[in-house]
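Here's the structure we're looking at; comments come further down.
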Amino acid sequence: MKIYGVALLAFCFLFGKLLGNYLGVWIGLKSDVGGVGFAMFFLMISYSYFKKKGIVKELTTQGIVFWSSMYIPIIVAMAATQNVKAAVSQGPIAVVIGVLVTLTGFLLVPLISKIGQTKNEK
């Protein structure tokens, strides 16, 4: 049954969004700052804690894995869409910097993929 783990996921999401909104207000923005990241962090920490204490059962683990695999791509895509809309509305410099950072990331993929390889693996 995949419903197990939804309460933990929902709590972490709401707590993360709340913290992200408060952080945004604290630094002077009228938006969420890292709410999805905080939610994922709280989910990892709380799941690890409950698993150490023996509270989490196998069905709960399966439910958390199922819902987090559905949740993460959807929420991240929604947050990315909001970020792009906000960047475009702020002017061209945000878009130019975003494109430059993305291109730099693409160009660094071959270099990063070589990290940790031995001479025999190349």
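Every number here is computed from the coordinates shown, using simple stated rules; none is lab data. Model, not experiment: these values are computed from the prediction. In this analysis, Cβ positions are derived from the backbone assuming ideal geometry, glycine residues included, and neighbour counts consider all displayed protein chains.
With the crude spin-label approximation of a point 7 Å out along Cα→Cβ, what separation in nm comes out for residue 31 versus residue 61?
Result: 3.9 nm between the two label points.
Within the chain, which DSSP H helices have Cα atoms that stretch 24 Å or more along the helix axis and a mean Kyte-Doolittle hydropathy of at least 1.0?
What comes out of the filter, once short or polar helices are dropped, is 6-26, 92-113.
Calculated from the structure, percent of Cα pairs over 23 Å apart equals which of (1) 52; (2) 48; (3) 23?
Checking each listed value against the structure points to (1).
Along the charge dipole of the chain, Cβ charges K/R +1 and D/E -1, which of 76, 36, 112 sits furthest on the positive end?
112
Could you count how many Lys pairs in the chain have their Cα atoms under 23 Å apart, skipping same-chain pairs fewer than 8 positions apart?
Details: 2/51; 2/52; 2/53; 2/57; 17/30; 17/85; 30/85; 114/122.
Pairs that pass both the separation and distance tests number 8.
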